[in-house]
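*Asks:* One structure, as structure tokens, below. Some questions next.
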Amino acid sequence: MTTTRPTDALAEPSERVGGGWTSALALANGAIWVGWYGPLQILLASQAEDFAPGAGMSKESVLAWVTGVGAVVSLLATPLFGALSDRTTSRWGRRTPWIVAGSAGGAVSLLLLAGAGGLWTMAAGWCLVQLTLNASWAAVTAAVPDQVPRLQRGAVGGWLGAAQILGVVGGTGLATLGGGVGAGYAACAVFTLVGVLPYVLGHRESRLPTAARPAWSWRGFVAGFWLSPRRYPDFAWAWLTRFLINLSNSVGLLYLLFYLRDRVGYPDPEEGVLILTVVNASTLLATVVVSGAWSDRVGRRKPFVYWSGMLMAAATGLIALWPTWPGALVASALLGLGFGVFTSVDFALMTDVLPKALDRGKDLGVINVANSLPQVAAPVLAAPIVTHLGGYRALYLVAAVIGLAGAVFVGRIRGVE
């Protein structure tokens, strides 16, 4: 087993991490995203279509309800498990025990979800998936500010972003090619568990001394999740930027399968989702690592986030105004270019505005609420727009406006170049 540099668990890292550490953590990150996006892209939509008649609801409403409830669980789980990992004094480090437990629990939860027989068991299974995989993800993301120096975080964030989109592609591929809903869930479960093993078996973290762990009280623990926008304005604006751009992305992705079937008229919408995901991933991979390293080199973050948000908003607007298969392909490619830049550089920007080392996991968990809260808001926003307020054209125009606002607000962050 290799070890990381022998620094205190709360010290600001100064020694660059190697390629082995980065690739192992990136693989763990990608494995978690396989567990999320195999269901989100294909499997949950298929189950929603099967269970809709018995639930007395449309397939869109079933999918919106289940993903919305699961996102509420995600909303609470990420900062909770981040805070618990901050206080973990295990000899294996603060993060590794939660990566192992969360991934193992996620694999079991995916298998339980595969056996869902109706709306309620489907919702319960997806909530368990969100609970467990968010425990693992909170620990994976917190490992970066724990061990990576500031001017390497753009590059590391780029590799994590590349693994993230490969996880989306891999999850979509496993769900599509698995040969059925049950087989798709089983394939995603196995990959989710196996993918974290190189990191947890090959790399040791610094241990948090028991004396450094803050005294426990429920009042102090709960109060710690509130970070005053007045006291930490950069943290607040960075959170809002991420929330809006992720909300735009979530609104666009939620009904992609139904959009291809009902608006574009694509003959095999599941295959179409896979093709668009591959196109998106290809262009994303072309920018995600390069842009992160470039932002490290020039020492600036905000211009990258601004222009990537602008490009993503333009691509979403294109989907609204050109509802054809070629239009979807072009928009998917543009979204990949923009999201590749955003994913790596925004992650580095987030770690730059964290208030203090003792609460890295909790604070990143609060920031990552900006990833999960859009999953709650997107169904609430999207379902009435599609069914009553203009259909898919209106939906994607609204998504474009939301993304544009997120790009503009990054300019309010003052403490980062």
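The values are calculated or read from the model by the stated rules, or taken from the named source; none is laboratory data. Being a predicted model, the structure only gives us computed values, none of them experimental. Reconstructed Cβ throughout: ideal geometry from the backbone, glycine too, with neighbour counts over all protein chains shown. Protein only, heavy atoms only, side chains kept; ligands, DNA and RNA dropped before computing areas. Shrake-Rupley method; radii C 1.70, N 1.55, O 1.52, S 1.80 Å.
*Asks:* Report, by residue number, each residue of the range 89-107 that is out of contact with any Ser or Thr (no Cβ under 6 Å at 6 or more places or on another chain), polar (S, T, N, Q) and surrounded by fewer than 22 Cβ atoms within 10 Å (Cβ to Cβ).
*Replies:* As a first pass, look at the range 89-107 and keep what is out of contact with any Ser or Thr (no Cβ under 6 Å at 6 or more places or on another chain): 90-93, 96, 100-101, 104.
Adding the requirement that they be polar (S, T, N, Q) leaves 90, 96.
Result: SER90, single match.
*Asks:* Next question, about the same structure. Only one of these conditions is not met by LEU110: (1) open to solvent by 20 Å² or more (accessible area, probe 1.4 Å); (2) modelled with pLDDT of 95 or more. Which number is it?
*Replies:* For LEU110, the failing item is (1).
*Asks:* Okay, moving on. Please verify whether PHE243 is out of contact with any helix residue (DSSP H, G or I) (no Cβ under 7 Å at 6 or more places or on another chain), at pLDDT 75 or above and open to solvent by less than 40 Å² (accessible area, probe 1.4 Å), treating the condition exactly as stated. Steps first, answer last, please.
*Replies:* Values: out of contact with any helix residue (DSSP H, G or I) (no Cβ under 7 Å at 6 or more places or on another chain): no; at pLDDT 75 or above: yes; open to solvent by less than 40 Å² (accessible area, probe 1.4 Å): yes.
For PHE243, the condition - out of contact with any helix residue (DSSP H, G or I) (no Cβ under 7 Å at 6 or more places or on another chain), at pLDDT 75 or above and open to solvent by less than 40 Å² (accessible area, probe 1.4 Å) - is not met.
*Asks:* Also, quick follow-up: Hey, ARG230 hits all of (1) open to solvent by 20 Å² or more (accessible area, probe 1.4 Å); (2) over 16 Å from the mean Cα position of the chain (by Cα); (3) under 30 Å from ALA293 (Cβ atoms) but one; which does it fall short on?
*Replies:* (3)
*Asks:* Being among the β-branched types (Val, Ile, Thr), part of a helix (DSSP H, G or I), at pLDDT below 80 and crowded, with 21+ Cβ neighbours inside 10 Å: is that true of THR387 here?
*Replies:* Details: among the β-branched types (Val, Ile, Thr): yes; part of a helix (DSSP H, G or I): yes; at pLDDT below 80: yes; crowded, with 21+ Cβ neighbours inside 10 Å: no.
Against the criterion (among the β-branched types (Val, Ile, Thr), part of a helix (DSSP H, G or I), at pLDDT below 80 and crowded, with 21+ Cβ neighbours inside 10 Å), THR387 does not qualify.
*Asks:* Also, quick follow-up: Quick test of your reading of the structure: VAL305 fulfils all but one of (1) in contact (Cβ under 8 Å) with a residue 60 or more places away in the chain; (2) open to solvent by 10 Å² or more (accessible area, probe 1.4 Å); (3) among the β-branched types (Val, Ile, Thr). Name the failing condition by number.
*Replies:* All conditions are met except number (2).
*Asks:* Closer than 18 Å to ILE32 by Cβ and open to solvent by less than 40 Å² (accessible area, probe 1.4 Å): does that describe GLY171? Give the steps one after another, and end with the answer.
*Replies:* Numbers: closer than 18 Å to ILE32 by Cβ: yes; open to solvent by less than 40 Å² (accessible area, probe 1.4 Å): yes.
Taking the combined requirement at face value, the residue satisfies it.
*Asks:* Same structure, new question: Inspect all residues belonging to the range 236-249 and state whether any of them is without any contact (Cβ under 8 Å) to a residue 60 or more places away in the chain and not hydroxyl-bearing (Ser, Thr, Tyr). Working first, answer last.
*Replies:* If we filter the range 236-249 for residues that are without any contact (Cβ under 8 Å) to a residue 60 or more places away in the chain, which is where we start, we get 236.
Restricting the remaining residues to those that are not hydroxyl-bearing (Ser, Thr, Tyr) gives 236.
Among the residues of the range 236-249, at least one is without any contact (Cβ under 8 Å) to a residue 60 or more places away in the chain and not hydroxyl-bearing (Ser, Thr, Tyr), which makes the answer yes.
*Asks:* Return yes or no: is VAL298 in contact with a helix residue (DSSP H, G or I) (Cβ under 7 Å, 6 or more places away or on another chain) and either surrounded by fewer than 19 Cβ atoms within 10 Å (Cβ to Cβ) or of a type outside the set (Lys, Arg) (or both)? If you could, list the steps in order and put the result at the bottom.
*Replies:* On the way: in contact with a helix residue (DSSP H, G or I) (Cβ under 7 Å, 6 or more places away or on another chain): no; either surrounded by fewer than 19 Cβ atoms within 10 Å (Cβ to Cβ) or of a type outside the set (Lys, Arg) (or both): yes.
So VAL298 does not fit the description; no.
*Asks:* Still on this structure, please answer the following. Among the residues of the range 268-278, which ones are assigned to a helix (DSSP H, G or I), of a type outside the set (Ser, Thr, Tyr) and within 19 Å of PHE258 (Cβ to Cβ)? Spell out the reasoning first.
*Replies:* The first filter runs over the range 268-278 and keeps only residues assigned to a helix (DSSP H, G or I), leaving 269-278.
This time we only want the ones that are of a type outside the set (Ser, Thr, Tyr), so: 269-276, 278.
Matches in the range 268-278: PRO269, GLU270, GLU271, GLY272, VAL273, LEU274, ILE275, LEU276.
*Asks:* Here is a follow-up. Return the only residue of LEU197, LEU260 being at pLDDT 85 or above, of a type outside the set (Val, Ile, Thr) and within 25 Å of LEU381 (Cβ to Cβ). Spell out how you get there, then give the answer.
*Replies:* On the way: LEU197 fails: within 25 Å of LEU381 (Cβ to Cβ).
Going through LEU197, LEU260 in turn, the sole match is LEU260.
*Asks:* Please find, within the range 174-206, the residue that is most open to solvent (accessible area, probe 1.4 Å) out of those that are part of a loop (DSSP other than H, G, I, E, B) and more than 15 Å from SER46 (Cα to Cα).
*Replies:* The initial filter retains those residues of the range 174-206 that are part of a loop (DSSP other than H, G, I, E, B), namely 178-180, 195-196, 205-206.
Okay, now just the ones that are also more than 15 Å from SER46 (Cα to Cα), so 195-196, 205-206.
On the way: GLY195: 5, VAL196: 3, GLU205: 17, SER206: 33 Å².
Ranking the qualifying residues of the range 174-206, first place goes to SER206.
*Asks:* Kindly check whether there is at least one residue in the range 207-215 that is crowded, with 18+ Cβ neighbours inside 10 Å, touching a residue at least 40 places away in the same chain (Cβ under 8 Å) and either more than 22 Å from VAL129 (Cβ to Cβ) or not acidic (Asp, Glu) (or both).
*Replies:* Yes, the range 207-215 has at least one match.
*Asks:* Still on this structure, I have one more. Give the range 318-368 a look and list any residue that's at pLDDT 75 or above and β-branched (Val, Ile, Thr), or say none.
*Replies:* ILE319, THR324, VAL330, VAL341, THR343, VAL345, VAL366, ILE367
*Asks:* Taking the range 390-414 as the search range and keeping residues that are part of a helix (DSSP H, G or I) and open to solvent by less than 10 Å² (accessible area, probe 1.4 Å), which one is farthest from ALA377 (Cα to Cα)?
*Replies:* Our first condition is that a residue be part of a helix (DSSP H, G or I); within the range 390-414, this holds for 391-412.
Remaining after also requiring open to solvent by less than 10 Å² (accessible area, probe 1.4 Å): 395-396, 399, 403, 406-407, 410.
On the way: LEU395: 13, TYR396: 15, ALA399: 12, GLY403: 14, GLY406: 15, ALA407: 19, VAL410: 21 Å.
The residue in question is VAL410.
*Asks:* Counting just the residues of the range 16-42 that are touching a Pro at 6+ places or on another chain (Cβ under 7 Å) and open to solvent by 40 Å² or more (accessible area, probe 1.4 Å), which one comes out nearest to VAL169 (Cα to Cα)? Before you say what the answer is, go through the steps one by one.
*Replies:* Filtering the range 16-42 down to residues touching a Pro at 6+ places or on another chain (Cβ under 7 Å) leaves 16, 24, 27.
Within this subset, residues satisfying the condition of being open to solvent by 40 Å² or more (accessible area, probe 1.4 Å) are 16, 27.
Working: ARG16: 30, LEU27: 13 Å.
Ranking the candidates gives LEU27 first.
*Asks:* Would you pick out the residues in the range 228-258 that are of a type in the set (D, E, K, R) and either within 15 Å of ALA400 (Cα to Cα) or part of a helix (DSSP H, G or I) (or both)?
*Replies:* We begin by selecting, within the range 228-258, every residue of a type in the set (D, E, K, R); these are 230-231, 234, 242.
Across the range 228-258, the qualifying residues are ASP234, ARG242.
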